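Throughout, read-outs are computed from the coordinates displayed, never taken from laboratory work. For clarity, every value in this text was computed on a predicted model and none was experimentally measured. Positions of Cβ are backbone-derived with ideal geometry, glycine not excepted, and every protein chain shown enters the neighbour counts.
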Amino acid sequence: AQKVTQAQTEISVVEKEDVTLDCVYETRDTTYYLFWYKQPPSGELVFLIRRNSFDEQNEISGRYSWNFQKSTSSFNFTITASQVVDSAVYFCALTDGSSNTGKLIFGQGTTLQVKP
Amino acid sequence: DVKVTQSSRYLVKRTGEKVFLECVQDMDHENMFWYRQDPGLGLRLIYFSYDVKMKEKGDIPEGYSVSREKKERFSLILESASTNQTSMYLCASSDWGTENTEAFFGQGTRLTVV
């Protein structure tokens, strides 16, 4: 069965610190997709990144970077020089490979608090 | 600007009431989903629909039903609300048959059952 684990429930940092959010997944599918979503206090989940199982290249987008390692089944997310606006709940998610419906399996979420 | 709109941000209902949560998307997506979000549990799938009048149970369908009469609208129904259904409910939509397309989410409905 598929599973996503975000072991860090809450993280608190001071502005400008770097922070890494961990995500470990389990799946028997050979083709799958991993996602990160951000949920600010407003409640709406905002898509950040999608990565497919055949592409292990790391990605950088501004202050955000993602490290995908199939060998350890991890898809970690790093925020460099964190800002107060980064405060949110972050979810890692995995597609259910048993169908083409796009069902997502979510981790428990990590609440990030960035203090000024 | 693509949108998934949920009819209410906050709802308070009494135990035993029939509750309707409405969701509308304007992206012509085939797939629509209802998730429930609880602290420490992440988002859990209640039901999803891959076409009009088509639906499948998710991981926690007990106590819920859904309706999809039109492509753009997906309703979640609590037949007889109970206090353990107090939660945040999130609707989402995505393209059919494309696993690599992200889901778009509504702003959520925080339901309190008293």
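Within region A:71-115, whose backbone N sits under 20 Å from a point 7 Å along Cα→Cβ of residue A:5? In region A:71-115, the label zone of residue A:5 (backbone N under 20 Å from the point 7 Å along Cα→Cβ) covers A:71-78, A:90-97, A:105-111.
Once R0 is set to 35 Å, what does the formula 1/(1 + (r/R0)^6) return for the Cβ-Cβ distance between residue B:20 and residue A:115, expressed as a FRET efficiency to the nearest 0.05?
Working: r = 41 Å, r/R0 = 1.16.
About 0.30, to the nearest 0.05.
Among A:54, A:35, B:77, which residue has its Cα positioned farthest towards the positive end of the charge dipole of the protein assembly as shown, with +1 placed on the Cβ of Lys and Arg, -1 on the Cβ of Asp and Glu, and the dipole taken about the Cα centre? Towards the positive end, the residue furthest out is B:77. Cα centroid separation, region B:31-46 to region A:1-29: 18 Å. Rounded to the nearest 20, the Cβ-based charge dipole of chain A about its Cα centre (Lys and Arg +1, Asp and Glu -1) stands at 140 debye. Of the candidates B:24, B:66, B:52, which one comes out as most mobile in a Gaussian network treatment of chain B with C-alpha springs shorter than 10 Å? Looking only at B:24, B:66, B:52, the largest GNM fluctuation is found for B:52. Among A:82, A:71, A:53, the largest mean-square fluctuation in a Gaussian network model of chain A, built with springs joining Cα atoms closer than 10 Å, belongs to A:71. Counting Cα-Cα pairs of region B:51-101 in 5 Å increments starting at 0 gives whole-percent bin shares of 4, 15, 26, 25, 17, 9, 4, 1. For residue B:86, the residues whose amide H sits under 5 Å from its own are B:113, ignoring neighbours fewer than 5 places away on the same chain, with H placed 1.01 Å from N.
Listed by chain and number, the aspartates and glutamates whose C-alpha is less than 14 Å from the C-alpha of residue B:70, apart from same-chain residues fewer than 8 away, are B:22, B:26, B:28, B:30, B:51.
Pairs of Cα atoms under 8 Å, at least six residues apart: use those to get the relative contact order of chain A, whole percent.
Values: 282 pairs, mean separation 43.6, N = 116.
Worked out over chain A, it gives 38 percent.
For the protein assembly as shown, the spread of Cα coordinates along the three principal axes comes to 48, 40, 34 Å, biggest extent given first.
For chain A, taking the reciprocal of the average inverse distance between every pair of different Cα atoms yields a Kirkwood hydrodynamic radius of 14.4 Å.
When the listed pairs A:115/B:55; A:115/B:18; A:115/B:13; B:18/B:71 are checked against a 32 Å cut-off, the alpha-carbon distance exceeds it for A:115/B:55; A:115/B:18; A:115/B:13. For B:32, B:27, the sequence from fewest to most other C-beta atoms within 10 Å is B:27, B:32. With R₀ set to 41 Å, the beta-carbon distance separating residue A:69 from residue B:12 gives a calculated FRET efficiency near 0.35. Two decimals is fine: what is log10 I(q)/I(0) at q = 0.12 Å⁻¹ for region B:1-75, from a Debye sum with one equal scatterer on every Cα and no solvent? Ignoring solvent entirely, the Cα scatterers give -0.35. Relative contact order, whole percent, for region B:60-99 stands at 29, derived from Cα pairs under 8 Å and 6 or more residues apart.
Which GluC sites (Glu not before Pro) in region A:23-99 sit in a loop by DSSP (not H, G, I, E or B) and have at most 13 other Cβ atoms within 10 Å of their own Cβ?
Within region A:23-99, the qualifying GluC sites (Glu not before Pro) (loop, at most 13 other Cβ atoms within 10 Å) are A:56.
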